1. If you go through segment 154-181, how many residues are free of Cβ contacts under 8 Å to residues at least 40 places away in the same chain, open to solvent by 10 Å² or more (accessible area, probe 1.4 Å) and under 18 Å from GLU129 (Cα atoms)?
2. All but one of (1) at pLDDT 95 or above; (2) more than 29 Å from ASP116 (Cβ to Cβ); (3) buried (at least 19 other Cβ atoms within 10 Å of the Cβ); (4) hydrophobic (A, V, I, L, M, F, W, C) hold for LEU4; state the number of the condition that does not hold.
3. Go through segment 173-213 residue by residue and tally those that are over 11 Å from the mean Cα position of the chain (by Cα) and either closer than 18 Å to MET143 by Cα or outside any loop (DSSP other than H, G, I, E, B) (or both).
4. Do we find that ARG241 is of a type in the set (D, E, K, R) and under 18 Å from VAL163 (Cα atoms) in this structure?
5. Given the conditions (1) open to solvent by less than 100 Å² (accessible area, probe 1.4 Å); (2) at pLDDT below 95, which single one is not true for GLU92?
6. Look through PRO142, PRO122 and report the one residue that is more than 27 Å from ASN74 (Cβ to Cβ), assigned to a loop (DSSP other than H, G, I, E, B) and open to solvent by less than 50 Å² (accessible area, probe 1.4 Å).
7. What about ALA29, is it in a helix (DSSP H, G or I) and modelled with pLDDT of 90 or more?
8. Could you list, in sequence order, the residues of segment 55-67 that are modelled with pLDDT of 95 or more and outside any helix (DSSP H, G or I)?
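The values are calculated or read from the model by the stated rules, or taken from the named source; none is laboratory data. Note that the coordinates shown come from a computational prediction; the quantities given were computed from them, not determined experimentally. Here the Cβ positions follow ideal geometry from the backbone for every residue, glycine too, while neighbour counts run over all protein chains shown. To get the accessible areas, we keep the full protein, side chains included, count just its heavy atoms, and leave off ligands, DNA and RNA. Shrake-Rupley method; radii C 1.70, N 1.55, O 1.52, S 1.80 Å.
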Amino acid sequence: MVQLAALQSRKLTTENTTEAFPLGVLQSAIQALYAASAIADPAAARQTFLDFRARLTCGEIRAAEKAGEHWTVNTWVKQGILLGFRLGELKEMPGGEIFSFVDKDTFPARHLSLADRVRVVPGGSTIREGAYVAPSVICMPPMFINVGAYVDEGTMVDSHALVGSCAQIGKRVHLSAAAQIGGVLEPVNAAPVIIEDDVLVGGNCGVFEGTLVRAKAVLGAGTILTRSTPLVDLVHGEVYRASADQPLEVPENAVVVPGSRAVTKGKGAQWNISLYTPVIVKYRDEKTERGTELEDWLR
């Protein structure tokens, strides 16, 4: 509580920014505020949150990080995002008489400038404050990137695509039209959806519930991945499933397409019922590279 009191004694340097606090002090303050049953000084708490949000927006902190081959959830970052919703008040956001919305004032839409080096093509896209979008990212309209998301360099977010809260998107990823990357805020220790570098997510795909898609995998159009969906590997004769403490994981270089599996028990077997199943039909090769290449001139 000493660290929290010291942090809250700082003053705002401008209306919308805070002084830079040591990261360890900020983390302790966020954890203390999140755990508090009541917030004694909402103005000071909001100041702490603004510093947190600024660091989230610039990519200094993120909801999950990779060390070696393993991803670790930064629980306190997700707590900070939830704190922002708790502190926020409903506000009419400016956007003209035709296009306007009402949301928590702690998470307004981001206003990008030329200095951000992010291409946002006209047509109704929105990126929320608290989402990191790296230079050279391309946003095709309409698309949405939610708070806590991390979108790395060279990635294309295509039309009608969604990057959910805290989703982690790697470098040179192509999220094709209508791809849905689910968000995971609660429980705070749950891993978000993670798409590693050089992945192609085909049109109308859905990746949900903390699924991990390893580097250079290809998800064919219409593929759906969740914790409850087994992934059948025809190449290696394996079936991959999520466990109580591990999400469903798509192997590196895997090429996944929608498939089905027969129901072998009860009425399902009698009626010849099949259930949807994603299937690995091969692993990435030279032909796949040619078919999935995102031309440099698009960037």
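1. Of the residues in that region, 1 qualify.
2. So the condition that LEU4 fails would be (1).
3. Going through segment 173-213 one residue at a time, the tally reaches 16.
4. Details: of a type in the set (D, E, K, R): yes; under 18 Å from VAL163 (Cα atoms): no.
Answer is no for this residue.
5. (1)
6. Details: PRO122 fails: open to solvent by less than 50 Å² (accessible area, probe 1.4 Å).
Only one candidate qualifies: PRO142.
7. Numbers: in a helix (DSSP H, G or I): yes; modelled with pLDDT of 90 or more: yes.
Yes; evaluated as a whole, the condition is true for this residue.
8. Within segment 55-67, the subset modelled with pLDDT of 95 or more is 55-66.
Matches in segment 55-67: CYS58, GLY59, GLU60, ILE61, ARG62, ALA63, ALA64, GLU65, LYS66.
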